[in-house]
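A quick write-up on the structure given underneath.
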Amino acid sequence: FPYTTLFRSRVLMEPRGNMMLVGVGGSGRQSLARLATYMAEYECFTIEITKQYRMIEFREDLKRLFSMAGGEGKHVAFLFNDTQVKEEAFVEDINSILSAGEVPNLYGNDERIEIFDLLAADAKKDGIEETPGAQWHYFVERCRINLHVVLAMSPVGEAFRTRCRMYPALVSGTTIDWFQQWPADALTEVAVRYLEKVETVEEGVKVAIATVFAHVHLSVSDISERMLV
């Protein structure tokens, strides 16, 4: 656990360091990603899905994300999981971020001027020419350096394989980390921690109950694999 978290933190601290965490739900992908982000002293950015959330809202969130990373120069980890894909166009935009550092046609001319004003002081300090082309290139490069995409994906079903084929930057533009099944000792330890707060159970019985919890969890996985075959 400490080693894997340190590994993810080191990936995030690299310029253009992006990750794809592959594992089933409940394997700790998002929790460890948030912990790694905290260790790197970055900000964690994620979207909030609602019934009305569509492409317009997603693009507005991306604008806020780019303003933080490219405009304000903050290091930001964009945590995105496959349950948030309400439209496949979301993944297409993320593919563009990973491959080119920007989303085509995201900003209008007026919005670009606002971006240039936001980074004007840093651009002048770095000796960037005061032309739209030079300013925009500077903005995109800052986004590519400061923005770190962290994808939490499940390998179950056809969706993951299809997206990897359709959007190659998901593979070529990220460091892939596979989340393996939790061992029995780790499951037992987590169960013991939760049972510590339960006052109605005797201390000597808590370990036995935690062992049962771990056994049930692992046996369900084993039976599921047998049924799949």
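The values are calculated or read from the model by the stated rules, or taken from the named source; none is laboratory data. What you see is a predicted model; the values in this text were computed from it and never measured. Cβ sites come from the backbone with ideal geometry, for glycine too, and all protein chains shown count toward neighbours. Accessible surface is based on the protein model in full, side chains and every heavy atom, while ligands, DNA and RNA are left aside. Shrake-Rupley method; radii C 1.70, N 1.55, O 1.52, S 1.80 Å.
Of the residues making up segment 153-167, one or more are free of Cβ contacts under 8 Å to residues at least 24 places away in the same chain and surrounded by 13 or more Cβ atoms within 10 Å (Cβ to Cβ).
Using beta carbons and a limit of 8 Å, which pairs, at least six apart or on different chains, have the first residue in segment 34-63 and more than 20 Å from His148 (Cβ to Cβ) and the second one open to solvent by 50 Å² or more (accessible area, probe 1.4 Å) and among the basic types (Lys, Arg)? Filtered contacts from segment 34-63: Ile49/Lys86; Tyr53/Lys86; Arg54/Lys86. Residue check: is Leu118 open to solvent by 80 Å² or more (accessible area, probe 1.4 Å) and closer than 17 Å to Ala69 by Cβ? Taking the combined requirement at face value, the residue satisfies it. Could you tell me which residue of segment 90-113 is most open to solvent (accessible area, probe 1.4 Å), considering only residues that are closer than 14 Å to Pro168 by Cα and of a type in the set (A, V, I, L, M, F, W, C)? Result: Ala100.
Please verify whether Val11 is within 17 Å of the chain's Cα centre (by Cα), in a helix (DSSP H, G or I) and surrounded by fewer than 19 Cβ atoms within 10 Å (Cβ to Cβ), treating the condition exactly as stated. It is true that Val11 is within 17 Å of the chain's Cα centre (by Cα), in a helix (DSSP H, G or I) and surrounded by fewer than 19 Cβ atoms within 10 Å (Cβ to Cβ).
Specify the residue that is most open to solvent (accessible area, probe 1.4 Å); the eligible residues are those in segment 63-84 that are hydrophobic (A, V, I, L, M, F, W, C) and farther than 14 Å from Tyr167 by Cβ.
Met68
How about segment 191-229: which of its residues are outside any helix (DSSP H, G or I) and open to solvent by 70 Å² or more (accessible area, probe 1.4 Å)? Answer for segment 191-229, where residues must be outside any helix (DSSP H, G or I) and open to solvent by 70 Å² or more (accessible area, probe 1.4 Å): Glu196, Lys197, Glu199, Thr200, Glu202, Val229. The residues of segment 22-33 that are outside any helix (DSSP H, G or I) and in contact (Cβ under 8 Å) with a residue 60 or more places away in the chain, listed by number, are Val22, Gly23, Val24, Gly25, Ser27, Gly28.
If the condition is being aliphatic (A, V, I, L, M) and in contact (Cβ under 8 Å) with a residue 12 or more places away in the chain, then segment 121-142 contributes Ala123, Val140. When Ile176, Ile209 are checked against the criterion of being within 16 Å of the chain's Cα centre (by Cα) and of a type outside the set (Asp, Glu), Ile176 stands alone in meeting it.
Take Glu87 and tell me if it is open to solvent by 30 Å² or more (accessible area, probe 1.4 Å) and more than 21 Å from Tyr167 (Cβ to Cβ). So Glu87 does not fit the description; no.
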